[in-house]
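Please treat every number below as a calculation from the coordinates, not as lab data. None of these values were measured; they are calculated from a predicted model. Note: ideal-geometry Cβ built from the backbone for every residue, glycine included; neighbour counts use all protein chains shown.
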Amino acid sequence: MDDFYRVLIVERYKNPAYKGILDPHDFSYEDENPLCGDQIRVDLRVDNENVITEAMFSGHGCAISQASADLLMETVIGKPLDEVKNMTKETVLDLLGIELGPVRLKCALLSLKVLKAGLYGIGNIEEELMEI
């Protein structure tokens, strides 16, 4: 089963479906992983009922960070902001479907960190995210 998820990660890295910039956007935030240089920006559009109607990411980095960002953008479309704010690291790890070591965990969770920071309007939620 791990092979299936590895293929999925490589495919999402090479051919992301949700990579780009939304302009205009309702929420946008950008951050990086200083340990490896991965960088992610997340842009969201929401409707009058606070449901995410469009989500895109941009940036650069390893296959894990880029694939997890693409999968996460796909997952949040159609969800209310409150539900997205309550997503945990398990959401992203389930999307990836493989075990990750501590270094790769930071790569995988960068998009969730950026997403939540943008929604909450705060810059540094890494410690909170790792505890969730």
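Ordering of 85-92, 112-119, 46-53 by packing is 112-119, 85-92, 46-53, highest average first (other Cβ atoms within 10 Å, averaged per residue). Compute the angle between helix 2-14 and the longest alpha-carbon principal axis of the chain, please, reported from 0 to 90 degrees and rounded to the nearest 10. The helix 2-14 is inclined about 50 degrees to the chain.
Every helix of 4 or more DSSP H residues in the chain counts as -39500 (n - 2.57), and over all residues that averages to -15000 deg cm²/dmol at 222 nm.
Put simply, the amide H of Y29, placed in the peptide plane, has neighbours under 5 Å in V42, leaving out anything fewer than 5 places away on its chain. Principal axis analysis of the Cα atoms in the range 72-116 yields extents of 31, 18, 14 Å, listed in decreasing size.
Each 10 Å bin from zero holds the following percent of Cα-Cα pairs in the range 2-131: 13, 50, 32, 5, 0.
If only the Cβ of Lys and Arg carry +1 and only the Cβ of Asp and Glu carry -1, the dipole of the chain around its Cα centre is close to 320 debye. Summing +1 for each Lys or Arg and -1 for each Asp or Glu among the other residues whose beta-carbon sits under 12 angstrom from that of V51 gives -4.
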